[in-house]
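Asker: Mind looking over this structure? Questions follow.
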Amino acid sequence: MSNIRETLEVKISTALSSVAELPDSKANVIIASRSEFGDYQANGIMSVAKQLKSNPRELAQQVVEQLGHDPLIDHYEVAGPGFINIHLSNSWLEQRSKELQNSIQSLIPQVAEPQTIVVDYSSPNLAKEMHVGHLRGTIIGDSLVRVLEALGHKVIRQNHVGDWGTQFGMLIAYLQSLSTDHDIQSTQLADLEVFYRAAKARFDTDPDFAATARACVVKLQAGDTQILAIWEQFIEESLHHCGAIYEKLNIKIQPSDLRAESFYNNRLQGIIDDLNDKNLVTVSDGAKCVFLDQFKGKDGNPLPVIVQKSDGGFLYATTDLAAIQFRGVELGAERVLYVVDARQSLHFQQIFAVAHEAGFVKETCKLEHIAYGTMMGKDGRPFKTRSGDTIKLVDLLDEASRRAFVLVSDKNPDLDNALRQKIAETVGIGAVKYADLSKNRTSDYIFDWDSMLSFEGNTAPYLLYAYARIKSILRKQEDTSVSSSNIIITDNAERALIIKLLQLPEVLQSVAKDYLPSHLSTYLYELAGIFMRFYEACPILKAEPPIKHSRLLLAEITANTLKEGLHLLGLETLEQM
RNA sequence: GCGCCCGUAGCUCAACCGGAUAGAGCAUCGGCCUUCUAAGCCGAGGGUUGCAGGUUCAAGUCCUGCCGGGCGUACCA
């Protein structure tokens, strides 16, 4: 029994179905909306009463009688127009929470049927350095992966980096034009953003260079060994940049998770052939297209999914189709999640539809676009530098650590420099990640240094502080007999804390169901708040045993839960701040 | 034009898929440190949930129509 809400839902639904003589009646149990309504409430009685044309309060009363005694429940209450308010039993809470003393693993529910889930996230374009546009997908994707894995799914990460296409011709030609010396080339690539801009400028102003660049693309696609070698060098350098970012961000994606666009090159023609065989291809204006009825363009004209350009070139839709097939067939995906910017939603609707139409994956394989909004500056416009350039991710992360260092030094100047630096890094990076994860991913998100690095409100610093504070208390306890003691509820603050702790499973299931890490961050923020209230109301070290021991256990379980929750979001904790 | 997303306190965001009096934080104002980290806690003010209808015992949530915003919409990704 790991999920209280679900347990109650089953119990009360069964009783309701039996009393109402309507199978599959739903009790619709949720956490009580106000504390005076108990711990949980059942909302489903009224709609069933409506169907039965009976009095909802009387029906609720009958359901309560049918439920009888239960160790989990202290008492039920019929309230309002026909709610059942549910009050959990203190002794059950005490017993259940004691089971968490050695490990909180039982708060992480395991799925009954583990699935193979492919998650496509981060996926930067290697032509440029990672910029702020890659931040959300990388962070959100990483957290979802952690949660899905924790629940027992087999998760396969796929970093679908862009390593192919016309701009690489330009970059290769530019690199070649500078020097053929390998070391000098490496130096030139140290700042990819600058390099890209210089190449682009030359491309736009120098016709001869532009011609060379186009020739490079052709040679690259034809497999010219010399050009390929330069391309590989470029990719290697660019991946090195990405790796540095992932390390700073503490992202779990590995080099082995890389499956670059070029990986699919030799499968693209096969995709076209397959579509052809299934009579899905129409040639329109020289381009090979798939037209599906559900997609209409301007003036109601059919909207194509172009899979091969009129010049014979393939597009990202073709690559994505090849990737879907690979994931479904060779990786055995039962679900494929694309953690990608919301602006690409039409693209994904189209290729998902084409993939299913063409039978590239089984009918049962679920393809889902986990869309997220655009990152905005404080002015509500897309987040850019003052001069209008995109902001490099590495610069943003360095600034986060720098700002955090100033704050940490201000709050705790006595700590030695190296320790402050370490704290600043964890706080700074944590702040950037948490600010994003704590908001609903679907809406646009306003990036604001001051609010994310604030130590007040729903922020990483607040949560990390709460954790460090608990650890500080635990370090001060010398009594070793704690583990054998019981948890005893003597105050409402203790009770509220226990209930909150036991609600972690419900939250994790909700994160996995809706792909919303923000549900977890909200939970952690509330947990920290409830702990702080407990901390204010209930002295721990100054209490006498066995209450002292009980409170120490609660503090320890809370710390472990915060740590685990933050870990699932991708945040590291600090023992000291 | 059509499609998708969005509109909640001055600002940033919630609201567990239709439930009881719409909640937090910031900012503003007022309390609490000889007491486990005050990076904290407690309290106050602040709302016609863009507008108008509809469905329902019950609507921020579902349906319709407006208004306002963002994004997308045939050979970029």
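Asker: Is there a residue in the stretch A:259-266 that is closer than 22 Å to A:Q158 by Cα, part of a helix (DSSP H, G or I), touching a residue at least 24 places away in the same chain (Cβ under 8 Å) and more than 15 Å from RNA strand B (Cβ to nearest atom)?
Answerer: No, that holds for no residue.
Asker: Give me a count of the residues in the stretch A:407-443 that are among the aliphatic types (A, V, I, L, M) and within 23 Å of the chain's Cα centre (by Cα).
Answerer: The total comes to 6.
Asker: Could you list all residues from the stretch A:293-321 that are more than 25 Å from the chain's Cα centre (by Cα), part of a helix (DSSP H, G or I) and more than 10 Å from RNA strand B (Cβ to nearest atom)?
Answerer: Answer for the stretch A:293-321, where residues must be more than 25 Å from the chain's Cα centre (by Cα), part of a helix (DSSP H, G or I) and more than 10 Å from RNA strand B (Cβ to nearest atom): there is none.
Asker: Please go through the stretch A:145-172 and pick out each residue that is in contact with a strand residue (DSSP E or B) (Cβ under 7 Å, 6 or more places away or on another chain) and either surrounded by fewer than 21 Cβ atoms within 10 Å (Cβ to Cβ) or assigned to a helix (DSSP H, G or I) (or both).
Answerer: Passing the criteria: A:V145, A:L148, A:E149, A:K154, A:I156, A:G162.
Asker: Hey, any hits in the stretch A:343-359 for a residue that's assigned to a strand (DSSP E or B), within 21 Å of A:D293 (Cβ to Cβ) and away from RNA strand B (no atom under 12 Å from the Cβ)? Full working, then the answer.
Answerer: The first filter runs over the stretch A:343-359 and keeps only residues assigned to a strand (DSSP E or B), leaving none.
There is no residue in the stretch A:343-359 that is assigned to a strand (DSSP E or B), within 21 Å of A:D293 (Cβ to Cβ) and away from RNA strand B (no atom under 12 Å from the Cβ).
Asker: Scanning the stretch A:322-341 for residues that are assigned to a helix (DSSP H, G or I) and aliphatic (A, V, I, L, M), which turns out surrounded by the fewest Cβ atoms within 10 Å (Cβ to Cβ)?
Answerer: The residue in question is A:V329.
Asker: Further question: Does the stretch A:512-522 contain any residue that is within 9 Å of RNA strand B (Cβ to nearest atom) and more than 25 Å from A:P461 (Cβ to Cβ)?
Answerer: The answer is yes, given that some residue of the stretch A:512-522 is within 9 Å of RNA strand B (Cβ to nearest atom) and more than 25 Å from A:P461 (Cβ to Cβ).
Asker: When you go through A:P545, A:P539 one by one, which is the residue that is under 18 Å from A:Q477 (Cα atoms), surrounded by fewer than 20 Cβ atoms within 10 Å (Cβ to Cβ) and within 13 Å of RNA strand B (Cβ to nearest atom)?
Answerer: It is A:P539.
Asker: Restricting to the stretch A:50-80, and then to whatever is within 11 Å of RNA strand B (Cβ to nearest atom), farther than 27 Å from A:R495 by Cβ and at pLDDT below 95, can you tell me which residue is farthest from the chain's Cα centre (by Cα)?
Answerer: Among residues in the stretch A:50-80 that are within 11 Å of RNA strand B (Cβ to nearest atom), farther than 27 Å from A:R495 by Cβ and at pLDDT below 95, the one farthest from the chain's Cα centre (by Cα) is A:K53.
Asker: Would you check if A:C242 is out of contact with any helix residue (DSSP H, G or I) (no Cβ under 7 Å at 6 or more places or on another chain) and either β-branched (V, I, T) or not in a helix (DSSP H, G or I) (or both)? Even if it seems obvious, please write down each step before you answer.
Answerer: Details: out of contact with any helix residue (DSSP H, G or I) (no Cβ under 7 Å at 6 or more places or on another chain): yes; either β-branched (V, I, T) or not in a helix (DSSP H, G or I) (or both): no.
No, not satisfied.
Asker: Any residue that is surrounded by fewer than 24 Cβ atoms within 10 Å (Cβ to Cβ), within 16 Å of the chain's Cα centre (by Cα) and in contact (Cβ under 8 Å) with a residue 24 or more places away in the chain - is there at least one of those in the stretch A:122-129?
Answerer: So far as the stretch A:122-129 goes, yes, one or more of its residues are surrounded by fewer than 24 Cβ atoms within 10 Å (Cβ to Cβ), within 16 Å of the chain's Cα centre (by Cα) and in contact (Cβ under 8 Å) with a residue 24 or more places away in the chain.
The values are calculated or read from the model by the stated rules, or taken from the named source; none is laboratory data. Since the model is a prediction, treat every value here as computed from it, not as a measurement. Glycine gets a Cβ as well: all are built from the backbone with ideal geometry, and neighbour counts include every protein chain shown.
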